[in-house]
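Here the structure comes first, spelled out in structure tokens, and everything after it is commentary.
The values are calculated or read from the model by the stated rules, or taken from the named source; none is laboratory data. The model shown is predicted, which means the values in this text are computed figures rather than measured ones. All Cβ positions, even for glycine, are placed from backbone atoms using ideal geometry, and neighbour counts span all protein chains on display.
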Amino acid sequence: MQDTTNNLGPTLLKAMRASAIEVHYQPQMTADGASVAAVEALIRWRRDDGTLIMPDKFISVVAADPILAESLSVYVLEQACKDALQWPGVTVGVNIEPLQFSHPRFAEIVSDILSATGLEPGRLELEILETSWFADAETALKVIKQLRARGVKIAMDDFGTGFASLGALLDLPLDKLKIDRAFVSHCHEIRSASIVHAIIALARAIGLKVTAEGVETKTQASFLRAAGCHYLQGYYFSRPVRDPDISAMLQSPRAVSACA
Ligand code: G
Ligand code: MN
């Protein structure tokens, strides 16, 4: 990309103001594949020429800039909470930049968005990374507790790929683990299969739900279902899609596998 340098920050802020940062949604199916329990909000940047830029191309700039990180979080949260009003009973997952958890007012910001949009707090699930915890553990724990007291759900994203997974499980109040797709894509191999079994057993033992990410084949879906995963997410069911496609899938979950 040409503008990955200094002016990417202002360009991204301009893109948000012009609604060129789009929020797409990917379903998280119940393990039997029969219904959509949740959706994950995933951002994409629509350039003037119509091409879509994936977040991995620009998220490192956001992650390093507190103003940009907050602007993007508010932007996606507002959009996702508004969109979720159309989908009764469905949880909406939103990825939150680790930097937000060293922001002492972050829980208040989320709470204000919930009040302004009218979404039930229990239908908002914030997806956090283990690194959310590293910059300022005390503030992060306080913020996460405030969010949960407001009724918001917390999911640990990309579980198993960080290096403090078990410590985080001990200290953080969580609702869900999302198994990283690195394990799912190799679950035909004994090592990955054993790790997946161990994560699910651990999560269930401490009362957490589990979503497997990156499910791309029927064989993977069957294995994960038999292993006791609660929810399945990945291209086998659906790629992330925009509204109105996601609304259509939610009205008729049978349409989801048809999109695989
Ligand atoms: O870090 P996180 O797990 O939130 O990353 C989600 C990213 O993974 C999104 O950009 C999404 O498009 C991508 N993704 C979702 N499902 C699949 C899948 O089945 N396979 C692959 N390779 N990528 C996926
Ligand atoms: Mn995620």
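The figures follow:
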{"read-out": "Tally of residues being aliphatic (A, V, I, L, M), within 12 Å of ligand 1 (Cβ to nearest atom) and surrounded by fewer than 17 Cβ atoms within 10 Å (Cβ to Cβ) across the range 151-186", "value": "1"}
{"read-out": "Only listed residue being of a type in the set (A, V, I, L, M), within 16 Å of ligand 2 (Cβ to nearest atom) and either in a loop (DSSP other than H, G, I, E, B) or touching a helix residue (DSSP H, G or I) at 6+ places or on another chain (Cβ under 7 Å) (or both), chosen from Ile154, Ile109", "value": "Ile154"}
{"read-out": "Residues of the range 193-229 classified as polar (S, T, N, Q) and within 15 Å of ligand 1 (Cβ to nearest atom), total", "value": "4"}
{"read-out": "Matching option when the condition is surrounded by fewer than 19 Cβ atoms within 10 Å (Cβ to Cβ), modelled with pLDDT of 95 or more, under 20 Å from Gly33 (Cβ atoms) and among the charged types (D, E, K, R), among Glu216, Glu189", "value": "Glu216"}
{"read-out": "Residue check for Asp49: out of contact with any helix residue (DSSP H, G or I) (no Cβ under 6 Å at 6 or more places or on another chain), assigned to a helix (DSSP H, G or I) and either modelled with pLDDT of 95 or more or farther than 21 Å from Phe237 by Cα (or both)", "value": "no"}
{"read-out": "Failed criterion for Asp83 (all others in (1) assigned to a helix (DSSP H, G or I); (2) under 23 Å from Ala135 (Cβ atoms); (3) within 18 Å of the chain's Cα centre (by Cα) hold)", "value": "(2)"}
{"read-out": "Enumeration of residues in the range 112-132 that are within 16 Å of ligand 2 (Cβ to nearest atom) and either part of a helix (DSSP H, G or I) or touching a helix residue (DSSP H, G or I) at 6+ places or on another chain (Cβ under 6 Å) (or both)", "value": "Leu129, Glu130, Thr131, Ser132"}
